[in-house]
Structure formats: structure tokens, C-alpha cells
Amino acid sequence: MVYLSALILGLMGSFHCVGMCGPIALAIPLKTTSWLARISGGVIYNIGRALTYSIMGAIFGLLGRGLVMSGFQQWVSVIMGAIMILSVITPSIYKNRFNAEKGIFSFVGKVKLSLGKLFTQRSYGSLFLIGLLNGLLPCGLVYVAIAAAIATGSSVGGGLFMFIFGLGTLPMMLAISLIGNLITLELRKKITRLIPYAIVFIGILFVLRGLSLGIPFLSPPEKAMHVPTEQVDVSKPKPDCCH
């Protein structure tokens, strides 16, 4: 259910991506020798982007793992779910009134400079690198997905969540690269309005997961969220092998 939510967030969030990353997707140097070459290049670009998301998810999932090992597994899921919900219902967060680029202006500038150089090359390698760098650019929706990756409580889980999220954005971003602004502005606006509801839905899923209400798949009992460890019965005497 958690990974399905990653796919849903990616699919719906891709309409938001049209406005944020659409210009890059439109400008990537695809090979024009055939439609197969164009499609392959578009997929390679998006796989690179999803891979960067996956690496970030693994890193932040490792942070979540540390919290889990400290005994805060349930609280991590509840808190991260609450953050996702608050990012929607608190206008100052959801509307991103603070500019993320201001705090990391130098880093973002270097990323954009590297992207500019790669756009002069028409190769699969450059498309892959463009995707990798594109994934580093500030994006509010990616931050929401990272919060969910932390809540998975593991490096593998966080990486997988973010990779699936990236794959969810692939169909729309690939379409933009291949055939331009296919989706009308009005339709994009209508679908974009649904994104906050999807974020709240996923946030509720994580809160329920952390509450351990005993609901199969949705909110498993607490003992099901922990890896079982070998129990040693100290009440039984050890066999004497030294007769």
C-alpha cells in the first residue's frame, strides 16, 4: 500500500512537474533519427531523474532507520504523515512562500550551469546525466515524497519509494519530451487541484500505519512492524556436555 501511494503521488504530481520541469523536458537534446531513438532518449532521461530520487530516498530512509532503531518507528510514521497533511492545510507551506533556492542558491546555480553544458551534447549519456542533475533541483513535491521515504524506516524502502515515485512521473514527462505541451493548460490546472488531496490521502495512510490499529495492510499491529529477533529461553537449564 505504501509503494502504491508512491506511484499515485508520482502520477498525479507529474502534472505539477509539467510547470516545474516541463521546460527542461521540452529542451532535452533527444536524437531525431527515429521515433525509437527519441523514446529511448526520453526514457533514459527520466530513469536518470528517478535514480537521483532513489538515492535521496535511500539516504533519508537511512535517517528513518536510525529513528526506528531508537524505538521511534511508530512516531516516525505518524509525524511524517502529519507533515504531509500540514504541508497542504497550512497555506504558507503548501504554496511554498519561502523560496528554497535562496538557501542553496550557489548549489542550484552550479547544477543549472552543468545542465546548460550537457544540453549542447546529443547522446544517451548526456540525457542520463541531465536526468540525474534534474533530480537535484528544488521541488516541493519531491520534499513531500522524501518525508514519506523517511517514514518507511529503511534505506531500501526509502530508495524504492522514491524510485517508484519517479517512475510515476515518467509517462507525463516522456509525453512532454516527445510531443511537446500535449496537455492543455486548463486540464493541467484541474488535475493539479487534485494533488493536495492525494498528498493528504498518503499522509493519512502513514498516520494510520504508525497508529498500529490492527487493520490488515493499512494499519498493521505494532509487532508486525518490527523484525523478529531470536528469543532465548533462560528458564531452561543448558545441557551439561562435560560429563
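Quick check for you: with a 1.4 Å probe and neighbouring chains kept, what is the accessible area per residue of the range 125-208, in Å²?
Working: 3110 Å² over 84 residues.
Using a 1.4 Å probe on heavy atoms only, each residue of the range 125-208 averages 37 Å².
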task: On the full set of protein chains, 1.4 Å probe, figure out the accessible area of Leu62 and give it in Å² to the nearest 10.
output: 110 Å²
message: Quick check: with the 1.4 Å probe, what order do Thr52, Thr32 take by accessible area, largest first?
response: Thr32, Thr52
J(HN,Hα) series, the range 34-45, from Karplus relation 6.51 cos²θ - 1.76 cosθ + 1.60, nearest Hz, glycine and proline x: 6, 5, 4, 5, 5, 5, 4, x, x, 5, 4, 4
message: Whole-Hz ³J(HN,Hα) for each residue in the range 122-137, computed from phi via Karplus 6.51 cos²θ - 1.76 cosθ + 1.60 with θ = phi - 60°, x for glycine and proline: what do you get?
response: 10, 8, 5, x, 5, 5, 5, 5, 4, x, 4, 6, 4, x, 8, 5
field: Under-5 Å amide H pairs with Leu30, H placed in peptide plane, nonlocal only
entry: none
query: What part of the accessible area of the range 1-71, given as a whole %, is carbon or sulfur when the probe is 1.4 angstrom?
result: 76 percent
- request: Could you please put Ser126, Ser212 in sequence from largest to smallest accessible area, using a 1.4 Å probe?
  value: Ser212, Ser126
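The values are calculated or read from the model by the stated rules, or taken from the named source; none is laboratory data. For clarity, every value in this text was computed on a predicted model and none was experimentally measured. Surface areas here come from the heavy atoms of the whole protein model, side chains and all, with no ligands, DNA or RNA. Shrake-Rupley method; radii C 1.70, N 1.55, O 1.52, S 1.80 Å.
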